[in-house]
Each structure stands twice: as C-alpha cells, then as structure tokens.
Amino acid sequence: MREPSAGDGAVERRAERVEGASPAWDALRATMEDGVEEQGSALEELRAEVEALEAQNRALVRTHQRTDAWARRYQELFELAPDGYLVTDPRGVIREVNLAVSALLDVPVTNLAGKPFVVYLAKAHRARFYTFLARVRDTSAALIWDLELQPRRGAICPVTATLAPARGARGEVVGVRWLLRDATARKRMEAALRESEARLSGIISSAMDAIISVDAAERVLLFNPAAERMFRCAAADAVGQSLDRFIPGFLAESGLAEGHGVVGGPMRLLGTWGLRASGDRFPLEASLSRTDLDGEKLWTIIVRDVTERARAELMVRQSRRALETSRGELRALTGLLLTAYEDERRRVSQELHDDVSQRLAAVAVELESLQRGPSRSARSLSAPLGKVHDQVAQLADDVHRLAYALHPRMLDDLGLALALETYLRDLAKRPGVSARMRQRALRSSIPRDHALCLYRVAQEALRNVTRHAGAARVTVTLAGVGGGIALCVKDTGNGFDPAAKGEPRRGLGLVSMEERVRLIDGRLVVRSRPGGGTHVHAWAPLPSGPEDVP
Ligand SMILES: Nc1ncnc2c1ncn2[C@@H]1O[C@H](COP(=O)(O)OP(=O)(O)O)[C@@H](O)[C@H]1O
Ligand SMILES: [Mg+2]
C-alpha cells in the first residue's frame, strides 16, 4: 500500500489557517473537509484496487509459468513422439513436423517446413490428397487414410494417417493435424498372414485325407474336397450338420462329448466307421486335435478311408490261411509219398527175397540133386528137366512182371495204345473184372513224357477199380481230342463221393494222377457218385515237333 505523501499535510495546514478567518471561510472549510474526507476514501479504494491488481498479477505470472511448462512438455512430446506428427495449413503446406516424420521421409525437419506435404506422397496417392483435405474440413471427427510415403531415398513406406481439423476461435479451419503411423511391419504381417492362410487353404483343399472341423456343438465348420469325395456330400450341404451324420458316435467314443479332449498333440483313433451319403459304411482311421480359438473349442479331424487296406489285409489273412492249409497238405502228402516209396521198395524186396530167390534156390537144389544123383539116361532126365524148365520160365515171367511194374518198357517198345491193351488183357484175367479198350483218331506218335503220364494215370485208375469198385466193367478209351490226347477210364462199380471232406486222406492215387497231368499242362476230372460208377478223364495237350515214341 502507498504511504501518505508530504502533499497531504500541506492541504491540512492550509485548511487550519482558513478556519479562523471568516464565516465564509467556515463554509469553505466545511466544503474542503468534505473534499478531504472524500479524497481519503477514494484513496482507500484505490489502495484496495491496487492490492487486488497485484494479487491478480502474481496469479497471472504463476499461470504463465505453468502454461509455459506445459507448452514445453507438449513440444517435447510432439517432437520426440514415436509416431509422426505433422501440422499443415488448410491447403496442405507443412507448418510443423516432428522428428519421426523427418525420419520417415529422410528429410531434415527444417527443410520440411513450408513445403506442400503432397510432394512427399507416393505418386499413386497424390490425387487423393486434396480430396482428403476437403473432407477433413467438413468433418469434426478424424479420418483414416492408408497411404504410402515416398522418402527422399529408399523404398516407398506404407503409413496409416489419421487426419483431424485444427479449428480457430470461431470454428473456422485453421489447419490440419496429421498423425502418421509406419505400417510396414503391419503390412508385412498381413501379407505373411495372407500367404500362410493361402498356403493352409491350399493344403486343406489338396489334401488326400478328408479334413473336417467341428465346433463345440459338433457342427461341421469346414469340409474339404477330399471329405466331399469320401462322404459323397458337397461341402455346402455338410457345413452346419452334426458330425454324427458322417462319423456316428465319433466324439462320444473319443471322450470329447464329456468335455475331455486333446489340446496340442493329435490323438489317433482306429477302428471307426464312416457313413457315406449313399448310406454305405466304410472303415476309417482318424486323428483328432483340439484348438482353442478366442475361448471357443474347435476340433479338427483328419480322416483316412482304409477300405482298400482293410480289403488287402483280409486278402493277406485269407492267403495266409490258404498257405497254412496247403503247407499242412503238403506235409501230409510228403509223408504219404515217403511211405509209398518205402512200401514199394519193401514189396519189390519181399518179392525178390521171399519169392524169386526162394524159387531160384529150389531150382538150384533140384539141379544139384540131378547132378549128384546116379547117372541117368536122357529119357529118364526128361521129366525132371522139364519141371525145372517150367519153374525157370515161370520165374522169368515173374521177374519180367516185377521189372515192368518198376518201368513199363513195353511203353517204349509198343507205344501207349498197345501197352495199355496188354495191361488190360492181364487185368481181364482177374475174377470179377471185364475190361476192354477203345481208341480213335490217335496220332501216330505221342511224346514219351505224355505217353508215360497217361499210362500211369490209366494204371492208377485201373488199380482203383480193382481195389475199390467191386465187380465192375471197365472201358478204357484213348482218343485224339482238341489238339491233344484224351484218356477215359470208366467203370460201372461202387463209385464214391469225390467231394467228401473230413475223412483223412488215405491214398496218393488221385493226387498223383492230378499232379502228373498238371506237370504236362493237362487237365484231370474225376466224376463219381456212390453206386453210380466212376469216370476218370485226363487230357494232355500235344506239343508240335515232340520227341516221339515210335
Ligand atoms: N474206381 C473207384 N471206385 C470206387 N471208389 C474209388 C474209385 N477210385 C477211387 N475211389 C475212392 O477214392 C479213394 C481215394 O483213392 P486213391 O487216391 O487212389 O487212394 P487209395 O486208392 O490209396 O485209397 C479210395 O480210397 C476210394 O474210396
Ligand atoms: Mg488208389
């Protein structure tokens, strides 16, 4: 507050002097006293005003300081912000830029001020610059614009710009504020995402296996082309349907219905069935994996149709069983063959030892007794020598028969038809068997292998007649048929059931006939029924230019 000045004291003293002078002075003095009083209160008011003014002044200085601090802080923020900030006038001329913009454009901040911003845009975006400036003037909100900047050096840089108008006191547009955010990384990520999505969808649509995705309610979300082919159902019809319609009970079986499930690693499920739109069932193999997407559970099922594999496995199992059976049969046959071989040797050995050698010994004893006995006349020797002769002749016959049984030499000497005729003649001598031979259209020469094969087949068939057919008539027919030679041994005996199974195989006859014929690429058919006689048909192809039997 201001101190009272020296001037104030002088006025008072003059007033005291005027006071005692005259009545006029009294009036004057009264007036003057009023004036002084008035002046005093005015001074008081002035003093209060000054005080208030000074207080306001101090507050103003503080506010100013604060505003300055804020402005500095904002300036720093503006300049050092990681995103680009830019202010242009309404026509797009740069007024202010921050360091981030300078870095994006590779131009110093000082060089940017005063330049039209449009020159720093990639050419393709320049035309739209003025459209955006016009639009931002008419809007109160911010505009978003994906554009590309053309830095002074280097490649074009994609940015996302946010534009907002700066308005004056009366709401007029005084400038445009730009926020520029570098979108290179985002664009790269978007491109990578698009690429990986394209790759994934390529994989899904070209996969050989069916791929099905279902949501938590087991509704189909994705059904790839392989699934369309496998289930014979278009994706458009499949999407939205329940998975049960394609793989009944699948999720229930895999425990997903109860809310369990696999997260991460897939789970393989075997032995499940799929259902085609036609209603056909097929075996499948599936692997299942769960993904959680934004809190939603998603199941992806990869399905493989294993019909072909199941069929192939079945065939392998069947062939293995057939192989096992054949092996068993082969073992049994080998056993029989060995036994037959040993039996035959024993029979020949027995016949040679018990019969031929005994009888030879008897002849030797007879001749010795004749030699040792008293000398006799030729006439008296005639009878005993005749007996020895008969014995020796009989022996020769028997040895011949024995040798013939081992290998029919007659076949080499006479040929197949005559050898068979001879065999039949011998057979017909047996009681209860009547046998005859017929032949027609026979080739003059038959290869040795073929002749031996058919001879052995006839021999075995005829042996069966004598052993199993009972009293019977036998007819053997040999005929040229269809480029080959056919043998038929027909009897009117007991017959049997060739298809009868269950009883263990007793002999090797029929099997050896079959094997012999098969070895020369021929065929053998045995027709018989109990009480209806037996027909054995063998046919052998005759090769051209064979090694012939004369
Ligand atoms: N001509 C036939 N008449 C009646 N039964 C026959 C005749 N041929 C074969 N069989 C029957 O077929 C069976 C098998 O014959 P085969 O294989 O030659 O063996 P094996 O003669 O050693 O018994 C004989 O045991 C017999 O029951
Ligand atoms: Mg037999």
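The values are calculated or read from the model by the stated rules, or taken from the named source; none is laboratory data. Just so it is clear, the model here is predicted, and its values are computed rather than measured. So basically every Cβ, Gly included, is an ideal-geometry build from the backbone, and we count neighbours across all protein chains shown.
Scan segment 127-140 and give yes if some residue there is over 15 Å from Arg177 (Cα atoms), surrounded by 14 or more Cβ atoms within 10 Å (Cβ to Cβ) and among the aliphatic types (A, V, I, L, M), otherwise no. No; the residues of segment 127-140 include none that is over 15 Å from Arg177 (Cα atoms), surrounded by 14 or more Cβ atoms within 10 Å (Cβ to Cβ) and among the aliphatic types (A, V, I, L, M).
For Glu195, the conditions (1) in a helix (DSSP H, G or I); (2) surrounded by 14 or more Cβ atoms within 10 Å (Cβ to Cβ) are fulfilled apart from (2).
Entry remark, segment 487-536: residues being assigned to a loop (DSSP other than H, G, I, E, B), modelled with pLDDT of 90 or more and either among the hydroxyl-bearing types (Ser, Thr, Tyr) or over 48 Å from the mean Cα position of the chain (by Cα) (or both) number 11 in total.
For Gly279, the conditions (1) of a type outside the set (Val, Ile, Thr); (2) loosely packed, with under 14 Cβ neighbours inside 10 Å; (3) part of a helix (DSSP H, G or I) are fulfilled apart from (3). For segment 198-222, a residue qualifies if it is part of a strand (DSSP E or B) and either in contact with a strand residue (DSSP E or B) (Cβ under 6 Å, 6 or more places away or on another chain) or not assigned by TED's automatic domain parsing to the domain that holds Leu288 (or both), and the qualifying residues are Ala210, Ile211, Ile212, Ser213, Val214, Asp215, Val220, Leu221, Leu222.
From the list Asp390, Asp398, which one is out of contact with any His (no Cβ under 9 Å at 6 or more places or on another chain), closer than 30 Å to Ala361 by Cβ and surrounded by 13 or more Cβ atoms within 10 Å (Cβ to Cβ)?
On the way: Asp390 fails: surrounded by 13 or more Cβ atoms within 10 Å (Cβ to Cβ).
The conditions single out Asp398.
Annotation note: Cβ proximity below 6 Å between a residue of segment 516-528 that is within 21 Å of Gly495 (Cα to Cα) and in contact (Cβ under 8 Å) with a residue 40 or more places away in the chain and a residue that is among the hydrophobic types (A, V, I, L, M, F, W, C) and in a strand (DSSP E or B) (sequence gap 6+ or interchain) occurs for Leu524/Ala538. Applying the set (1) surrounded by fewer than 19 Cβ atoms within 10 Å (Cβ to Cβ); (2) within 16 Å of ligand 2 (Cβ to nearest atom) to Val457 leaves exactly one unmet item: (1).
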